[in-house]
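What follows is a short report on a single structure.
Please treat every number below as a calculation from the coordinates, not as lab data. All values derive from a computational prediction rather than experimental measurement. Methodologically, a virtual Cβ is constructed for each residue, glycine included, from the backbone with ideal geometry; neighbour enumeration extends over all protein chains shown.
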């Protein structure tokens, strides 16, 4: 566990650290490929949502949904909150969400964030912005907003949102439909969309709806519900997105330019009330793309990562996904793009898994979803 607060100490220059924890002893857990080693790197985190490794692989940025961004070291040290982070709407599922480093971070030190922002009427929407990480790791400087989800419709639900840079440096952002189902089909709104931006927030001229009147030019694909996981397939370069269904029907999609992914016209799920989704015409709908993979019973999908590291060859061509409703870490074995097998890991821990990333050392790093949450390192026993 995170040690009780210590006297402020300096680390990596002028950064102030509020405490630290040594890694807990390995906990043996089973998998079909042999025992796992699960180590607590740090805990005491407040509803962490995402992480991004800094160059060198010894430290990472971690977002906490109440609105704080911290630096966490592999030695368990957890920094004080960084200055310069925008004010967030920390209601329901809202707050400070994803974090991603610029592809040119070594030269520009830019950090991209998504978060929920309140409007004048109290409703909220997702925002994408970026700022420069100070040399002493204590602040985000010169933060600027790149995109605001418009209109603001959420009262605390379905913000998305994940950030992914593709091989060309374009930025994809997943945006939830704010629990306003029909807006996912409205091309004049940014609810229920995957958008594609240049790194500075401008719109690529080859986006599919740039020249369509009444459509938002940022849109890449539409008909999404609440996509909370996204990653770039390292073998094909394609963007993969996972999203929550309603009651059943969680999906993986591989969004293509201009395509409609169905919500709420097509779904494998029903409403939480037990009634059919009013707009749904069935599991498929004309003019929409069927899911690449679907769960009839919702695991509650969250962050995801493809495994292409050399450290654990048995995990090669696996896709790892955090699960919230059925607390576990899902491992999908891929045969090309097809899902060949599924395995549930960490079920005995009983922890909701919010995010999963592959570290530079080839281990998995996962964030649990709790008021007093942990950062775990996971590998196969060697």
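Structure values in brief
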{"quantity": "FRET efficiency, 1/(1 + (r/R0)^6) with R0 30 Å, evaluated for residue 281 and residue 247 via beta carbons", "calculated": "0.95"}
{"quantity": "Cα pair count fraction exceeding 16 Å, expressed as % - region 209-259", "calculated": "49 percent"}
{"quantity": "Cα-based shape type of region 65-115, given that a ≥ b ≥ c are square roots of the gyration tensor eigenvalues and the cut on a/c is 1.5", "calculated": "oblate"}
{"quantity": "Average projected area [Cα convex hull, region 312-382], square nanometres", "calculated": "5.3 nm²"}
{"quantity": "Region 34-99 - convex hull of alpha carbons, volume per residue in Å³", "calculated": "117 Å³"}
{"quantity": "Segment residue 290-residue 46, extension gain: residue separation times 0.36 nm, minus the distance between their alpha carbons", "calculated": "84.2 nm"}
{"quantity": "Mean Cβ neighbour count within 10 Å, used as a protection proxy, ranking 37-43, 60-66, 214-220 highest first", "calculated": "60-66, 37-43, 214-220"}
{"quantity": "Label-zone membership for region 246-270, site residue 210, 7 angstrom Cα→C-beta point, backbone N under 15 Å", "calculated": "257-258"}
{"quantity": "Residue of 237, 84, 176 that the Gaussian network model of the chain assigns the largest fluctuation, springs spanning Cα pairs under 10 Å", "calculated": "237"}
{"quantity": "Ordering of 347-353, 322-328, 191-197 by burial proxy (mean other Cβ atoms within 10 Å per residue, highest first)", "calculated": "191-197, 322-328, 347-353"}
{"quantity": "Shape of region 9-380, Cα gyration tensor, a/c cut at 1.5", "calculated": "oblate"}
{"quantity": "Gaussian network model of the chain, Cα within-10 Å springs - most flexible of 369, 30, 98", "calculated": "30"}
{"quantity": "Global geometry of region 262-382, whether rounded, prolate or oblate, following the gyration tensor of its Cα atoms and the 1.5 cut on a/c", "calculated": "oblate"}
